[in-house]
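Asks: One structure coming up, written as structure tokens, with questions to follow.
Values quoted throughout were computed directly from the atomic coordinates according to the rules given, and no laboratory measurement underlies them. In this text, all values refer to a predicted model and were calculated from it rather than measured experimentally. Quick reminder, even Gly has a Cβ in these numbers, built from the backbone with ideal geometry, and neighbours come from all protein chains shown.
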Amino acid sequence: MRDVLSLLYNIVFWLIVLRAVSSFLPGLQNNPVLKFAHDVTEPLLSPVRKVIGVVRLGDAYVDLSPLVVLFLLNLLRGIL
């Protein structure tokens, strides 16, 4: 059971990282792998984004929800 949870954690972790990095590359939005990453991670990120919103840094807005979700997943992984 622990191996399955660890595998699931790793998959979700890398999909969130992929999604966050790809957000800086606007030409890749139609990529099927990125669409899959978006579809899988959005149910995790959306509720956090609604609570914390986005942070404005000068003229740019930064979505911190991937960072918060990764932190919470890591915390949960440590508990389990």
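Asks: Please determine whether any residue of region 10-29 is out of contact with any Leu (no Cβ under 6 Å at 6 or more places or on another chain), in a loop (DSSP other than H, G, I, E, B), without any contact (Cβ under 8 Å) to a residue 60 or more places away in the chain and exposed (fewer than 10 other Cβ atoms within 10 Å of the Cβ).
Replies: Yes, some residue in region 10-29 is out of contact with any Leu (no Cβ under 6 Å at 6 or more places or on another chain), in a loop (DSSP other than H, G, I, E, B), without any contact (Cβ under 8 Å) to a residue 60 or more places away in the chain and exposed (fewer than 10 other Cβ atoms within 10 Å of the Cβ).
Asks: Quick one: what pairs do we get from region 67-79, first residue closer than 22 Å to Val55 by Cα and touching a residue at least 12 places away in the same chain (Cβ under 8 Å), second assigned to a helix (DSSP H, G or I) and polar (S, T, N, Q), C-beta under 8 Å, 6+ apart or different chains?
Replies: Val69/Thr41
Asks: Quick check on region 47-61. Is at least one of its residues surrounded by 13 or more Cβ atoms within 10 Å (Cβ to Cβ) and not in a helix (DSSP H, G or I)?
Replies: No: region 47-61 contains no residue that is surrounded by 13 or more Cβ atoms within 10 Å (Cβ to Cβ) and not in a helix (DSSP H, G or I).
Asks: Continuing with the same structure: Restricting region 30-45 to residues that are touching a Ser or Thr at 6+ places or on another chain (Cβ under 8 Å) and farther than 14 Å from Phe13 by Cβ, which is surrounded by the most Cβ atoms within 10 Å (Cβ to Cβ)?
Replies: Only one residue fits best here, namely Leu34.
Asks: Still on this structure, I have one more. Of the conditions (1) of a type in the set (A, V, I, L, M); (2) in contact with a strand residue (DSSP E or B) (Cβ under 8 Å, 6 or more places away or on another chain); (3) in contact (Cβ under 8 Å) with a residue 40 or more places away in the chain, Val54 clears all except one; give me its number.
Replies: (3)
Asks: Residues in region 62-80 that are under 28 Å from Ser6 (Cα atoms) and in a strand (DSSP E or B): how many? It would help to see each step written out before you state the result.
Replies: Looking only at region 62-80, we keep the residues that are under 28 Å from Ser6 (Cα atoms), and these are 63-80.
Cutting the leftovers down to in a strand (DSSP E or B) gives us 63.
Qualifying residue count, region 62-80: 1.
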